[in-house]
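The values are calculated or read from the model by the stated rules, or taken from the named source; none is laboratory data. None of the values given here were measured: they were computed from a predicted structure. As a convention, Cβ positions derive from the backbone with ideal geometry for all residues, glycine included, and neighbour counts pool all protein chains shown.
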Amino acid sequence: MVLKKADTAALSNRDLMIPYFAPYIAYVGIASIFQNLIPIEINYVLRLIAVPALLVWAWRWYVPVTGPKSLAGSFVFGVGFGLLGLVLWCVLYAPFTEPDTMAWSNLGFYLRLISASLIVPVFEEMVMRGYIFRFALQWDQIRRNRSGKKKIKDAFMGTLDDANISTVRPGEWSVLAVVISSIVFAAGHTVPEWPAAIAYAILISILWIIRKDLLSCIIAHATTNLTLALYVYFTGHWELW
């Protein structure tokens with residue numbers, strides 16, 4: 001059965017977990033499971049086939065990427081924050097790396113460039129700022145309203161089964177939502193990357209609050225990944241990527 005976009009509002013956050021997390025899990029799963037079994041180039045080809053297919057399938061359940069402000073503004077802010085994120089990443093990650101001059105094959109580099117610039121920003125922002133950030137916000141709101149008729153024995157389960165992230169207003173936030181989503185984002189990176197990843201997640205959360213849309217966050221993420229790839233390619237600082 002094909003689920004129409006309008007039916008999403010009737011679903012719970014538990015129902016929405018598979019569409020939001022499936023592309024992320026597929027990307028990480030393919031990267032990890034086949035890491036030492038197949039050439040890196042084939043590994044990326046598999047990711048570039050599987051993940052976009054899952055995104056197309058899951059898109060009907062996703063919250064809108066646009067918000068109340070202009071698309072042109074989202075593009076400008078996205079690129080600006082993305083370049084700021086590049087600087088932030090290099091400054092905070094560089095102290096924990098060692099020089100590495102081992103370059104990838106040309107094909108491997110270009111496949112990773114395409115993946116990091118076009119695919120990763122979409123599914124990561126959808127799961128991090130689209131789902132986890134909003135879920136954490138709703139959990140925080142329910143947790144703080146545990147009195148009278150709004151009393152919920154288990155705020156987390158209430159958020160999971162009785163709430164829907166699509167009801168979160170564009171740009172709505174709480175400190176706890178920023179903290180939780182930033183920690184989860186960092187957890188998807190290696191330990192040396194944690195300081196840079198947490199700072200970057202906070203930066204993108206600020207962009208969400210300012211622009212009130214996911215489009216600017218996706219553009220910022222894509223800009224950072226693209227410029228980081230070009231930076232390491234032309235400078236030889238492969239350890240930063």
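Some points to look at:
- Within segment 33-49, being among the charged types (D, E, K, R) and over 22 Å from the mean Cα position of the chain (by Cα) holds for one residue alone: Glu41.
- Helices (runs of 4 or more DSSP H) (entirely within segment 134-221) containing at least 1 residues that are buried (at least 19 other Cβ atoms within 10 Å of the Cβ), among the aromatic types (Phe, Trp, Tyr) and modelled with pLDDT of 95 or more: 175-187, 194-211
- For Ile206, the criteria (1) closer than 18 Å to Tyr131 by Cβ; (2) out of contact with any Gly (no Cβ under 9 Å at 6 or more places or on another chain) hold in every case but one, which is (1).
- Residue in segment 102-118 that is nearest to Val191 (Cα to Cα), counting only those that are out of contact with any Lys or Arg (no Cβ under 8 Å at 6 or more places or on another chain), among the hydroxyl-bearing types (Ser, Thr, Tyr) and assigned to a helix (DSSP H, G or I): Ser117
- Restricting attention to segment 222-241 and to residues that are among the small types (Gly, Ala, Ser) and assigned to a helix (DSSP H, G or I), the residue that is farthest from Gly130 (Cα to Cα) turns out to be Ala229.
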